[in-house]
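The values are calculated or read from the model by the stated rules, or taken from the named source; none is laboratory data. Everything numeric in this text was worked out from a predicted model, so none of it was measured. In this analysis, Cβ positions are derived from the backbone assuming ideal geometry, glycine residues included, and neighbour counts consider all displayed protein chains. Please note that ligands, DNA and RNA were not included when accessible areas were found on the heavy atoms of the full protein model with its side chains. Shrake-Rupley method; radii C 1.70, N 1.55, O 1.52, S 1.80 Å.
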Amino acid sequence: MQLFHHLAFKAFPLILAGFISVDGLTASNLEFVNVALVDNPAVADIKISPDGKYMGLLVPVDGRNVLSIIETESRKSVNLLKFESNRQIGEFHWANEERLLMRLDYFESWYAAPVSAGEWFSVNIDGKNKENVFGFRSFAGSSSKIKTHEAGGARASGQIVDLLRDDRKHILMSATPFDPGGDRRSQLYRINIYNSRSKLLETSPVENATFATDQSGEVRFVAGTTADLLNKVFYRSDEEEPWQLFSESEISEGAIQPLAFADASSLYVSDSSASDLAGIYLYDLETRQKTLIHQDSNSDPTNFWYSQASGELYAVEYETTLPKYVFVGDGPQVARLKSLLSAFPGQQVRVVSQTNDESAAVVLIYSDRNPGDYYLYDAQTNQLQFLTTAMPKVDPNGLMPMTPLEFKSRDGHVMVGYLTLPALAEGDPLPPLVVNPHGGPIGVRDRWGYNSEVQLLAQEGFAVLQINFRGSGGYGKKWMEAGFKTWGSHIQFDIIDATAEVLRQNFADPERVCIYGASFGGYSALMAPILEPDMFRCAVGFVGVYDLPMLYERGDVADRASGISFLEKVIGRDEEQLRAFSPAYRADELNLPVLIIHGEQDPRAPVEHAEAMIESLENAGKPYEKLMFEEEGHGLYDTEARADMYRRLVAFLRENLTNK
C-alpha cells in the first residue's frame, strides 16, 4: 500500500497558474531549463471502438480534456465531445460500437487539479442522447422512475466493473460511499446506458471492495480490505449462491489475488500467502487445489495480459530490473505479443485497447528514452501504422539511458536501483549526483521507463540515482515488511549505502551530491543528511512529511479507520521514536542548504508539515529557501506551476553543486 507518493505528472493540463510564493528566487539563477520534458502528454488516451470503425482520442484543449472521435480508416474527424464550463472528461470507454461512457471531472476555483466524484455520462458518437448514468447529481425523476433508477443520487463514487460486451444496453458499476468514516461497503448496480435506469444487484460483504466477473459478465469474486487491514476475498459459484470466504490475510501475510478464469471451474491467481514472492497458479474451484504455473526467483509479477475476447490470461510480466515476460499457453495472443516485442527491441509494449474480436488494437510503445508512441496494430496482417507520439516536444535522441544496478546494504541485503548519467565527453570531470528517493514508501517502487524529471536533471548535467530501498514493492513480502517502523533508520541507511556504492565506483563526484525527493522522498531528503551529514551538499523536500506524529492528526490518511491502522502498522505509536525519526524535531542537525517546496492544498501531506519544518529551521538558525504553491496539492498539476518548480529546483542544484 502506498502512503506518500507524489502526483506531479498527471496527463491533464490546466492553463491558469496558481499564485506562487517564492523565497530565495532571483532572475539571475533561472537560466534556461527544458521544461518540455515534464510537460503533460499531448494525448492522454486512445481507444478503438469494439467494431474497429472509430477511435476516440482524449486530448487537452484550452486546459480541458475533450474527446475527439475519428474514423479509423480515413482518420477523418467525426465529432468532438466535451463538458462545458469548469468540467472536463477525465476518463472514457466504448460501451458499444455507437455509445461512449465518460467520467466527469470538474475544477474548483481554489484548487488547480481536477476533482472527480465518480460521476458517469453516456452519449452517442454524434453527441445525442446524453444521459447522466451514475453520480450523486444523477436525476431520480418521478416516483415510477425512482423504482427503476436505484442508483439515482447515490452519494458514492462510481467505478466500472464490466462493460458487458455481450449486452449492448447495460454495464456493471460499483459505488463506493463518499464518507471515509462510515459504511465503506460497495454496492453493485446494473445500469442501462441509454436511459440511465439502474438496479441494485447487491452490497459487497467487505469494505473497500472490488468486484470481479467471469467471461459471461457474472460477478464471481469480490475482494476488499477491512478497517483493521485484513485482506478478504469472497467467492460464489453463481449469483444465486451466497458469498463464501475464499481467503483472508493481514497486510504482511501476502494474499491471493484472482486474475482470470481459465474455464468455468478454474482460474488463474497470484498467490503470495505461502511464500515470500507471489506465484502464478491455476486454481481448481471444485477441489480447491492449485498448480504452480510460474514463480520468479527475485520479484513479484508487475503486469498481467488478458485476452479481450475471452478474458483469459496469456502473459505475465516481471521487473526485477528490466521488464521480462512469461507466456501462458501458446495461443494467437502470445504470438502477437512476441511479434510486437521483437518489432521494438529494448522498448516496452502496452495494448491500450482492442476490438472485441481482437483483429485490431491500439498499442503504446515506450522506453526509458521514449515517452510513448501510439500505433494501430492489424492482427490479421501483423502490420503497424503510426498514429501519434505522446509528447511531440520531446526528442528521444536527447534522452539518456536508465541503467539498472544492484547494491548491498550494510546488513547484507541486495537491493535494486537505477542510475541515469548525463551526456559526458571523454575527459569530462565526474558529474554531480542527485539522489532521488521515491515516494510511498510501502509497496511503491521505482521502475525502468521514461521518467520526465530524471531526464530533465540528466539534461542539466546531473547524474540521478533511484533506489528501491526496503519497504519498496515488487520484491516480496519480507523486503516490503522490512520498511515497517524503519523510516528514519534502515530505509535511510539503504539510501546512504547505495549512494556510497555509486560514488565508490566513480560514477559521480563525491564532493557534489544533493538529495531531492517528493512525498516520502521529500522526507528522506531531509532525514538522510541528518544521519550522514558529510555525504550531501544540499537537500530538497517536495510535498514531504517531516513530522511523523502529525500523521495521526492531519491529512486524508488519518481520516479513515483503515488509515490509522496502516500508520500503526508501518510507523508505530512509539512517540519517542516518531520524534527521533522526524526531521522537524532535528532541524539543528541539518548543516546544509535546504529548499522546501509544497502545495498549500495538499490533502496527503498537509502544508502544516512544511510549516513545521520551516519553523524548526528558523528556530535552529538554519538557512533555508521555500517555494509554496497556493492552489496545488500533493504534486503539481498546473503546467506553469510545474515549470516554475523545476526551474527553481535546477537553479538551487546548480548553485550548490557547481565546482568552486
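Among residues belonging to the range 254-270 that are part of a loop (DSSP other than H, G, I, E, B) and not polar (S, T, N, Q), point out the one that is least open to solvent (accessible area, probe 1.4 Å).
Step one: filter the range 254-270 for residues part of a loop (DSSP other than H, G, I, E, B), giving 254-255, 264-265.
Remaining after also requiring not polar (S, T, N, Q): 254-255, 264.
Values: GLY254: 8, ALA255: 35, ALA264: 82 Å².
The extreme case among them is GLY254.
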GLU207: passes all of (1) open to solvent by 30 Å² or more (accessible area, probe 1.4 Å); (2) out of contact with any Ser or Thr (no Cβ under 6 Å at 6 or more places or on another chain); (3) of a type outside the set (Val, Ile, Thr) but (2)
Per the list (1) in contact (Cβ under 8 Å) with a residue 12 or more places away in the chain; (2) farther than 30 Å from ASN65 by Cβ; (3) out of contact with any helix residue (DSSP H, G or I) (no Cβ under 9 Å at 6 or more places or on another chain), residue check on GLU611 breaks on (1)
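Determine whether the range 507-514 contains at least one residue that is of a type in the set (Lys, Arg), closer than 27 Å to ASN34 by Cα and at pLDDT 95 or above.
Step one: filter the range 507-514 for residues of a type in the set (Lys, Arg), giving 512.
Still in the list and also closer than 27 Å to ASN34 by Cα: 512.
In the following step, the residues that additionally are at pLDDT 95 or above were identified as 512.
Yes: the range 507-514 contains one or more residues that are of a type in the set (Lys, Arg), closer than 27 Å to ASN34 by Cα and at pLDDT 95 or above.
So for the range 157-173 (the condition being modelled with pLDDT under 90, in a loop (DSSP other than H, G, I, E, B) and in contact with a strand residue (DSSP E or B) (Cβ under 8 Å, 6 or more places away or on another chain)), does at least one residue qualify? Full working, then the answer.
Residues of the range 157-173 that are modelled with pLDDT under 90, as a first pass: none.
Among the residues of the range 157-173, not one is modelled with pLDDT under 90, in a loop (DSSP other than H, G, I, E, B) and in contact with a strand residue (DSSP E or B) (Cβ under 8 Å, 6 or more places away or on another chain), which makes the answer no.
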Being within 20 Å of PHE92 (Cβ to Cβ) and touching a Ser or Thr at 6+ places or on another chain (Cβ under 8 Å) narrows LEU163, LEU172, LEU188 down to just LEU172
query: For the range 525-540, does any single residue satisfy the condition of being under 14 Å from GLU608 (Cα atoms), within 22 Å of the chain's Cα centre (by Cα), surrounded by 19 or more Cβ atoms within 10 Å (Cβ to Cβ) and among the small types (Gly, Ala, Ser)?
result: no
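Please pick out the residue among GLY488, GLY474, GLY461, GLY483 that is under 27 Å from ASP368 (Cα atoms) and either open to solvent by less than 10 Å² (accessible area, probe 1.4 Å) or without any contact (Cβ under 8 Å) to a residue 40 or more places away in the chain (or both).
Numbers: GLY488 fails: under 27 Å from ASP368 (Cα atoms); GLY474 fails: either open to solvent by less than 10 Å² (accessible area, probe 1.4 Å) or without any contact (Cβ under 8 Å) to a residue 40 or more places away in the chain (or both); GLY483 fails: under 27 Å from ASP368 (Cα atoms).
Among GLY488, GLY474, GLY461, GLY483, only GLY461 is under 27 Å from ASP368 (Cα atoms) and either open to solvent by less than 10 Å² (accessible area, probe 1.4 Å) or without any contact (Cβ under 8 Å) to a residue 40 or more places away in the chain (or both).
Taking the criterion of being open to solvent by less than 10 Å² (accessible area, probe 1.4 Å) and either outside any loop (DSSP other than H, G, I, E, B) or not aliphatic (A, V, I, L, M) (or both), would at least one residue in the range 423-430 satisfy it? Reasoning before the result, please.
Let us first name the residues in the range 423-430 that are open to solvent by less than 10 Å² (accessible area, probe 1.4 Å), namely none.
No, the range 423-430 has no match at all.
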Practice task
Please tell me if ILE564 is open to solvent by less than 60 Å² (accessible area, probe 1.4 Å), farther than 27 Å from LEU421 by Cβ and touching a Lys or Arg at 6+ places or on another chain (Cβ under 7 Å).
Solution key: no
Subset of the range 294-316, residues more than 17 Å from the chain's Cα centre (by Cα) and free of Cβ contacts under 8 Å to residues at least 40 places away in the same chain, comes to HIS294, GLN295, ASP296, SER297, TYR314, ALA315, VAL316
**Asked** Of the residues that make up the range 474-482, is at least one touching a strand residue (DSSP E or B) at 6+ places or on another chain (Cβ under 8 Å), aliphatic (A, V, I, L, M) and in a loop (DSSP other than H, G, I, E, B)?
**Response** no
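The rows are residues; the columns are (1) under 28 Å from the mean Cα position of the chain (by Cα); (2) modelled with pLDDT under 95; (3) farther than 23 Å from VAL434 by Cβ; (4) open to solvent by less than 10 Å² (accessible area, probe 1.4 Å).
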position	(1), (2), (3), (4)
ARG579	no, no, yes, no
ALA587	no, no, no, yes
LEU595	yes, no, no, yes
ALA610	yes, no, no, yes
GLU615	no, no, yes, no
ASN619	no, no, yes, no
GLY633	yes, yes, yes, yes
ASP638	yes, yes, yes, yes
Only one of ILE191, ILE280 is within 30 Å of ALA482 (Cα to Cα) and either of a type outside the set (D, E, K, R) or not in a strand (DSSP E or B) (or both), namely ILE280
Exercise for the section: Answer yes or no: is there a residue in the range 547-570 that is among the aromatic types (Phe, Trp, Tyr) and modelled with pLDDT under 95. Expected result: yes
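Any idea how many residues of the range 194-223 are part of a loop (DSSP other than H, G, I, E, B), among the charged types (D, E, K, R) and in contact (Cβ under 8 Å) with a residue 24 or more places away in the chain? Please lay out each step first, then the result.
We begin by selecting, within the range 194-223, every residue part of a loop (DSSP other than H, G, I, E, B); these are 194-197, 208-209, 214-218.
Those left that are additionally among the charged types (D, E, K, R): 197, 214, 218.
Now restrict to residues that are in contact (Cβ under 8 Å) with a residue 24 or more places away in the chain: 197, 214.
Final tally of qualifying residues: 2.
Looking at this structure, is ASP357 open to solvent by 60 Å² or more (accessible area, probe 1.4 Å), in contact (Cβ under 8 Å) with a residue 12 or more places away in the chain and either closer than 26 Å to ALA458 by Cα or out of contact with any strand residue (DSSP E or B) (no Cβ under 8 Å at 6 or more places or on another chain) (or both)?
Numbers: open to solvent by 60 Å² or more (accessible area, probe 1.4 Å): yes; in contact (Cβ under 8 Å) with a residue 12 or more places away in the chain: yes; either closer than 26 Å to ALA458 by Cα or out of contact with any strand residue (DSSP E or B) (no Cβ under 8 Å at 6 or more places or on another chain) (or both): yes.
The answer is yes for ASP357.
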Restricted to the range 305-338 and to residues being open to solvent by 30 Å² or more (accessible area, probe 1.4 Å) and part of a helix (DSSP H, G or I), the residue farthest from GLN215 (Cα to Cα) is LYS338
query = Before we move on, is GLY633 among the small types (Gly, Ala, Ser) and either closer than 27 Å to LEU457 by Cα or free of Cβ contacts under 8 Å to residues at least 12 places away in the same chain (or both)?
reply = yes
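Would you pick out the residues in the range 542-566 that are touching a Phe, Trp or Tyr at 6+ places or on another chain (Cβ under 6 Å) and free of Cβ contacts under 8 Å to residues at least 60 places away in the same chain?
Of all residues in the range 542-566, those touching a Phe, Trp or Tyr at 6+ places or on another chain (Cβ under 6 Å) come to 544-545, 548, 558.
Scanning the range 542-566 gives a single hit, ALA558.
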Counting only residues in the range 366-393 that are free of Cβ contacts under 8 Å to residues at least 24 places away in the same chain and either outside any strand (DSSP E or B) or hydrophobic (A, V, I, L, M, F, W, C) (or both), the one least open to solvent (accessible area, probe 1.4 Å) is identified as THR381
Given (1) open to solvent by 60 Å² or more (accessible area, probe 1.4 Å); (2) without any contact (Cβ under 8 Å) to a residue 24 or more places away in the chain; (3) over 30 Å from VAL269 (Cβ atoms), ARG168 misses just (2)
GLY398 vs (1) on the phi < 0 side of the Ramachandran plot; (2) at pLDDT below 95; (3) exposed (fewer than 12 other Cβ atoms within 10 Å of the Cβ): all pass except (3)
Just one listed residue, out of ILE515, ILE491, is of a type in the set (A, V, I, L, M), under 19 Å from LEU405 (Cβ atoms) and assigned to a helix (DSSP H, G or I), and it is ILE491
Taking the range 238-253 and keeping residues part of a loop (DSSP other than H, G, I, E, B) and either among the hydrophobic types (A, V, I, L, M, F, W, C) or at pLDDT 90 or above (or both) leaves GLU241, PRO242, TRP243
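Count, please, the residues in the range 640-660 that happen to be farther than 21 Å from ASN40 by Cβ and either surrounded by fewer than 19 Cβ atoms within 10 Å (Cβ to Cβ) or modelled with pLDDT under 95 (or both). Give the steps one after another, and end with the answer.
Kept after step one, since they are farther than 21 Å from ASN40 by Cβ, are these residues of the range 640-660: 651-660.
Applying the additional criterion that residues be either surrounded by fewer than 19 Cβ atoms within 10 Å (Cβ to Cβ) or modelled with pLDDT under 95 (or both) yields 654-655, 658-660.
So the count comes out to 5.
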